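These notes concern the structure reproduced below.
The values are calculated or read from the model by the stated rules, or taken from the named source; none is laboratory data. Here the structure is a predicted model, which is why all the values come from computation and not from measurement. Cβ sites come from the backbone with ideal geometry, for glycine too, and all protein chains shown count toward neighbours.
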There are 2 protein chains.
Amino acid sequence: MKTLKIPEATIIRLSMYSRYLSQVEERGVQMISSGEIAEGVGVSPAHVRKDLAYFGEFGTRGVGYNVDELQHHILNILRLNREWRVVIVGAGHLGSALAMYRGFQERGFHLVGIFDSDPAKIGQTYDDITVQPIDELDRTVKEKQVGIGIITVPATVAQEVADILVSAGVDALLNFAPCVLNLPPRIELRNVDLSVNLEVLTFNLGSRGKL
Amino acid sequence: MKTLKIPEATIIRLSMYSRYLSQVEERGVQMISSGEIAEGVGVSPAHVRKDLAYFGEFGTRGVGYNVDELQHHILNILRLNREWRVVIVGAGHLGSALAMYRGFQERGFHLVGIFDSDPAKIGQTYDDITVQPIDELDRTVKEKQVGIGIITVPATVAQEVADILVSAGVDALLNFAPCVLNLPPRIELRNVDLSVNLEVLTFNLGSRGKL
DNA sequence: TAGATTGTTAATCGATTAACAATC
DNA sequence: TAGATTGTTAATCGATTAACAATC
């Protein structure tokens, strides 16, 4: 078993291929080539083949890839062949939007709780989930064996929330608060900044002379 | 004037430095070293200096960087030294959450309109913004000289919306719909997928053996 | 001057791309 | 067999890192 280091960009592209294959599947297409996938997601055919080659041989030379099979393989690679239980901490604008966001469910992420410390928010319902007090976070994570915590609280309390999630037993955190979290190395962490995307755009506009 | 190609990762880090400097400014700190910035945002000191070196010499050897000056320079580089007018198209869960999200305002992005085709959503208000019908999108973009459009409609209508925004004159698009948009090359585009962050986490958990 | 920290170079590392042999 | 497309290699390209001369 080779232990090649996989570039993160490869994982992100695999996620894109998988999403594109879902669309293709719906149209009833059976076989697809690396060139078609590449065009569908906006990368090069070599990229598609190289990315897949990290994980095995999924195609047939001269023929292409079976859409269903390839989709199955990619979902396996991404570990989306199971349900992941997640909680959201912070029922503000962003947290509640994520709670209602369908995109997570579609990919196998199941929201089992949303938490806030604000009494005004506790008890509010989003779809079939009710906002619970932070006090109940630890117990819920343990009882429902939550693997992933999504942090949408202000930066000032993000570390505190992260500590609760970690001690309760989550394996991974998705942090939307603009701060650096201090975590034990066993925890997988990703920081997301929504505004940075706009800033890359403005920089690019600027360097093209479009003030 | 050298026309070095700037890595996108550099821009993203500059955005992080800038956010960190905001915090530092509030604490009243005057001078800061590349090492301190690096620790604050979780990168290497060499990275900080290299990233800044693309754009000029902002520090003093043996001393460090003046916090306010450096912040000013970075905001200039990112073109955040002005107000950017944006519209959101799609007043669903994600669109309305982004409409209320404070993080954009803080960085100089000013929301001047939110649009939807659903009569049930038209007229709803978020903070001081009212959801308008799509029919009014073209006129609003032109009148208010909107530079950036944020697309939060379903993938099926994203291209249609993008076309309206482009013909009305926006320079850049931030697309949250999971699809490939076909745009004239003058348009700056960034695609954002919220779910992909979770998928990178699950992949990483998997490759560490934590199923 | 001695100590500190920048700006910059050169070496390393990793990712992308092009090309082609393998093979359906 | 001829045509097509994969899997893989090798070449290119770009980004990160370490190290140090410049200089406050």
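In the stretch A:38-57, the residues that are away from chain B (no Cβ under 12 Å) form Cβ pairs under 7 Å with partners that are near DNA strand D (Cβ under 9 Å from one of its atoms) and assigned to a loop (DSSP other than H, G, I, E, B), at six or more places apart or across chains, as follows: A:L52/A:F58. Restricting attention to the stretch B:165-186, the residues that are over 24 Å from A:Q23 (Cα atoms) and either touching a Ser or Thr at 6+ places or on another chain (Cβ under 6 Å) or among the aliphatic types (A, V, I, L, M) (or both) add up to 5.
Only residues that are over 18 Å from the mean Cα position of the chain (by Cα), within 28 Å of A:F109 (Cα to Cα) and modelled with pLDDT of 95 or more were counted across the stretch B:156-203, and they come to 9. Taken over the stretch B:35-54, the residue count meeting the criterion of being within 9 Å of DNA strand D (Cβ to nearest atom) and not in a helix (DSSP H, G or I) is 2.
Each residue in the stretch B:72-102 was checked for being over 20 Å from B:I148 (Cβ atoms), within 14 Å of chain A (Cβ to nearest Cβ) and modelled with pLDDT of 95 or more, and 1 pass.
One residue stands out in the stretch B:9-34 among those that are within 11 Å of DNA strand D (Cβ to nearest atom) and under 24 Å from A:L198 (Cα atoms): the one that is surrounded by the fewest Cβ atoms within 10 Å (Cβ to Cβ), namely B:A9. Would you confirm whether or not the stretch B:67-82 contains a residue that is within 16 Å of DNA strand D (Cβ to nearest atom) and under 30 Å from A:A91 (Cβ atoms)? Taking every residue of the stretch B:67-82 in turn, none turns out to be within 16 Å of DNA strand D (Cβ to nearest atom) and under 30 Å from A:A91 (Cβ atoms).
The set of residues in the stretch B:58-80 being closer than 22 Å to B:G113 by Cα and either over 22 Å from the mean Cα position of the chain (by Cα) or without any contact (Cβ under 8 Å) to a residue 12 or more places away in the chain (or both) consists of B:R79 alone. Against the test of being facing chain B (nearest Cβ under 10 Å), hydroxyl-bearing (S, T, Y), at negative phi and touching a strand residue (DSSP E or B) at 6+ places or on another chain (Cβ under 9 Å), the options A:T125, A:T130, A:T202 yield a single qualifying residue, A:T202.
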